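Every number in this text was worked out from the coordinates using simple rules, so none of it is lab data. What you see is a predicted model; the values in this text were computed from it and never measured. Note that we place each Cβ from the backbone using ideal geometry, even for glycine, and neighbour counts take in every protein chain shown.
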Amino acid sequence: MDGKGNEDKGGGKNDNGGGEENNEGGIGNNEVVKGDNGGGEENKGVVEEGIEGGEVEIEGGKGNKGGGNGNKGGGKEDKGGGNGNGNKGGGNGKGKQKKLINGIDADYYAPDDADGYSPAAKRRIMRYCTEYQNDPECKPEWIITEGEIPEAPYGPGKGKGKGKKFPKFKKHAKKPPKKHKIKDPTEGLPNKYKKKLPPGKVKKMKKEHIDALRKNCPGNSCKEDKDEHRHSRATLADYDVALLKLAYPDKSLEEIDEYVETKMQRVYELKEIIYEKLGVHDFSKPADNGLYGHNLLTLEQAEAYIAQLNSSLEYSYAIPDENNKRRKRAGNLLYFKTSPTRKWPIGTPIPYDTRQRNYIRTCINEITSKTCVRFTETNLDATSERPPNISSIYFVRYPTTAYCGLSYIGVYTPSNPIYLSFLCNDMAGVACHEVMHALGVEHEHIRPDRDDSITVLWDNIDAQFLDYYVPADGSTYSSYGIPYKCDSIMHYSYKIGARDYGLHTMTCKVDPDINDPLMGQRKGLTQADVDAINKLYCYPEECTDNSNFCGAWATQGLCYCPSSGKPNCYMVQNCPNSCNFCTCTQYED
């Protein structure tokens, strides 16, 4: 995901992921979308435009002032009376006062699960009950009487004639994760190479780092469920349910809602386990915002990571019991051979669709002009609401001041949604950042070896967003021998996740005055970014690393024998890609 720089708390005074001074037009210097707040001022003119194939208003569109400072609700009150919509008895009795957040009913903006429904399901119920107020199953508190009446995201409940029955959504009980087989990737490795392994799974933080975080969490301040967290979770789930319903119209909405809610629960469970491993769970809890480290996770990814963390092994990877298939290799990211992340087929152009075509085309040209990866633009007819019924990248206009962009890592079925706000600077570069996630590339600053290149300033970090900075597990991540680069388009700004605006959260160990401002740049792909894509997709199958540790070994200089300078025989046989013993191939358009 591409964040907003300083902090991800619903907008406000945030950087756009490219540093404070990042005010250029981005790759190709495209025109900034009307209403672009540059990631700084309040977003007072959210564009009312949806995705390709329909005039869809994005959740919380009109008048959204962006959250951030003062995002605590308040505002107008519904004192009941009048038409009876705001009270329990109808007529002119006393009604429950309504709080507004950013001009939206607080129960809708930041829904909880007090009624037993998932937050996304509660939103759909509130949309229905506001339209069909006389339905006896609608509780008065489910009727929106003040502020904006948000519309549904693309899909179910959108348009006339839809959603005329009260939505009978299940009240979801938490389900246990699927069972996984745990494999040890260190088995059979020579001792020489076992001594050169990258960091493994997450460990307890140093005491001084824990103390630095604790001092910024007086009372229970770091254990509160924030409105902006609930808003993010509900909105992402709302969109996910809508996308899946469009792709699978024969599946019941209840079944899809249960799947999405299970995924949301699993992502949060993963974050809770990590906080316990880090040793901060006694004074802080992670943000239940539907995201992990600024990315969307599939249910398979979240459950595999949980299985890894719960294993007794330092290095491990998890395979679902019912699907013992090996994965393809990956580049500067998760290692596909041993992770649930899926890669696009080599040699096949990747379809994509979008509305803000200038930004997207500039991004696609940036990637195709420097790598072997190709894309095919698809067009939906003017009345279509459905994404292509094929594996594809599907760009969704998602106006929000909280994020510049969101994406899954690797292939997501039925199609990869990439959510772009079009409200940040350098949107073509933001699009490239998210496309690289879809191709399988992770953030640079969570590389297992990142502590060799940057210093994380823990005392400046919001304790509820530590997942931004949890390093990737060396068991399922390979750098493919590409050196760490602070100016990678996959690096985040040096202010991301800060507890207060303007604080630095990380710094480069080499030339920080020069390199720190380059963190989070979205001007274009660096050579390291190009190399990552090429190593993922542009090498022949015979040039496959046999170990997920090859990238770490290559960056430690093990590709060549120090005495003779000749290629190391073990590395030639096992790590040809990471050691650049292969020739990158191209395929024709």
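Below are the figures for this structure:
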item	result
Alpha-carbon spread of the range 454-496, three principal axes, descending order, Å	31, 24, 16
Nitroxide proxy distance, nm - points 7 Å out along Cα→Cβ at CYS569 and LYS181	3.2
Distance from the range 511-554 to the range 215-258 (C-alpha centre basis), Å	32
Pairwise label distance in nanometres, LYS164 with GLU542, each label 7 Å out on the Cα-Cβ vector	6.6
Among 104-112, 252-260, 571-579, 187-195, the order from most to least packed when residues are scored by Cβ within 10 Å on average	104-112, 571-579, 252-260, 187-195
Loop-located chymotrypsin sites (Phe, Trp or Tyr not before Pro) in the range 428-478, at most 13 other Cβ atoms within 10 Å (DSSP)	none
Overall Cα dimensions of the range 201-285, principal axis frame, Å, largest first	54, 30, 14
Options ILE143, LEU213, TYR132, ranked by Cα towards positive dipole end of the range 114-254, top entry (Cβ charges)	LEU213
Mean projected area (nm²) of the alpha-carbon convex hull when the range 122-261 is viewed from all directions	15.4
Amide hydrogen neighbours beyond the local backbone of TYR560, cut-off 5 Å, H modeled	ASN568
Nitroxide proxy distance, nm - points 7 Å out along Cα→Cβ at ASP511 and LYS203	3.2
Residue-wise HN-Hα coupling along the range 296-305, computed from phi with Karplus coefficients 6.51, -1.76, 1.60 (Hz; x: Gly, Pro)	8, 10, 7, 4, 5, 5, 4, 5, 5, 5
Added length on full extension, which subtracts the Cα-Cα distance from 0.36 nm per residue, ASN358 to THR413	17.2 nm
